[in-house]
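Here the structure is laid out as C-alpha cells; the discussion comes afterwards.
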Amino acid sequence: MTEQTGNVALVTGAARGIGRATVARLASAGWRVVALDRCADDPNVSYPLASRAELTALAEAWPGVVLDVAADVRDTEALRDAVALAEREFGGVTAAIAAASVIAGGTPVWETSDGDWDALLDIGVRGVANLARATVPGMLDAGYGRFIALASAAAHRGLWHLGAYSAAKHAVVGLIKGLAADLRGSGVCAVAVSPGSTDTPMLAATARLYDLPSVTEFAQHQLIERILDPEEIAAVLHWLCGAESAALTGSVVHADGGFTG
C-alpha cells in the first residue's frame, strides 16, 4: 500500500477515533503526517477528550513519519504553526483532514445550552474553517491539494435531541461546498465525508446522552446492521487524499453503512 513519498497530511482530532485511524492508514501507505489534537478536556464537553499520552503514543508508533502537535483547532495561529512544521520537516501539506469534533446535546433544540452550541460550532465548524485558513494558501501556491472534512450522517437526517449537532454538521457540508466553489480550477479540491455510527469514544458519549447501555443500539439504523470501524472511514479518507478523487470536489461522501440510504 506504499505510495509516493511526497505526500504529506495534516490531520486534526488525531489522537483517537477516526482521526487516529486515518493517521495510521496514511502512515502505513507512505505518507508523512502531522497529527494534531487538543489533548485537554473542555468545560463545555461532558466527557473526557483525548489525552497527550494518546497522541504521543501515535507518533511513537511511527517515528520520523508522524509528528505530534498538541493544539486547539480554535487557534488559527497554532494551526499555522503546525503547517510551518510540516513545511520544515516534510516539505509542505498536500492533504488536510479536519477530523476534530465533539458531541453535545441530549435535549430538545429549545433547551440546548449556550455551552453546547459553543462547543459544537466553535470546534466542529469554525475549527474546519480555521484549518482551511491555515492549509489552503500553501496548497494554492503548489497548485494541488486535498481538503477533507468530517461531517456526519446527522448532517442529512435530524436526530432526536441532537438538533444542534445536526445543525453543526450540516454547516460543515455547506462550508465544504462553498470552499470547493472558491477553489474552482485551482487544482485544490474540497470534499465532506459523512460517516454513520462508528465505534469511537464520541459514539460512546452519544450512547450515554441517550442512556443506552451500548453503542450497538445504533446499529439498527444502518443497512449493514453493525457499527462501523474507524478504519473503514479511514480507508475512504485515504482514497480521497489521492489524485484520483478530483471528480468528487464539492461533494459529500456518505460513508454511513446505509444510515441515510
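The values are calculated or read from the model by the stated rules, or taken from the named source; none is laboratory data. All values derive from a computational prediction rather than experimental measurement. FYI the Cβ positions are ideal-geometry reconstructions off the backbone, even for glycines, and counts take in every protein chain you see.
Here are the numbers for the structure shown:
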read-out	value
From the options D211, D256, residue that is within 26 Å of A119 (Cβ to Cβ), modelled with pLDDT under 95 and outside any helix (DSSP H, G or I)	D211
Condition met for G178 (farther than 18 Å from A98 by Cβ and at pLDDT 95 or above)	no
Options R25, R38: the member that is under 18 Å from F147 (Cβ atoms), in contact (Cβ under 8 Å) with a residue 24 or more places away in the chain and of a type outside the set (S, T, N, Q)	R25
Spans of helices (runs of 4 or more DSSP H) in the range 103-195 with at least 1 residues touching a residue at least 12 places away in the same chain (Cβ under 8 Å) and among the acidic types (D, E)	114-124
Matching residues, the range 184-242, being touching an Asp or Glu at 6+ places or on another chain (Cβ under 8 Å) and either closer than 24 Å to L131 by Cα or among the β-branched types (V, I, T) (or both)	S194, P195, G196, T198, V215, I227, P230, G242
The range 233-253 - residue that is of a type in the set (V, I, T) and part of a helix (DSSP H, G or I) and, of those, farthest from the chain's Cα centre (by Cα)	V236
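Conditions (1) charged (D, E, K, R); (2) modelled with pLDDT of 95 or more; (3) assigned to a helix (DSSP H, G or I); (4) surrounded by fewer than 23 Cβ atoms within 10 Å (Cβ to Cβ), marked per residue:
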site	(1), (2), (3), (4)
M1	no, no, no, yes
A9	no, yes, no, no
G19	no, yes, yes, no
G30	no, yes, no, yes
C39	no, yes, no, yes
A59	no, yes, yes, yes
V69	no, yes, no, yes
A78	no, yes, yes, yes
D81	yes, yes, yes, yes
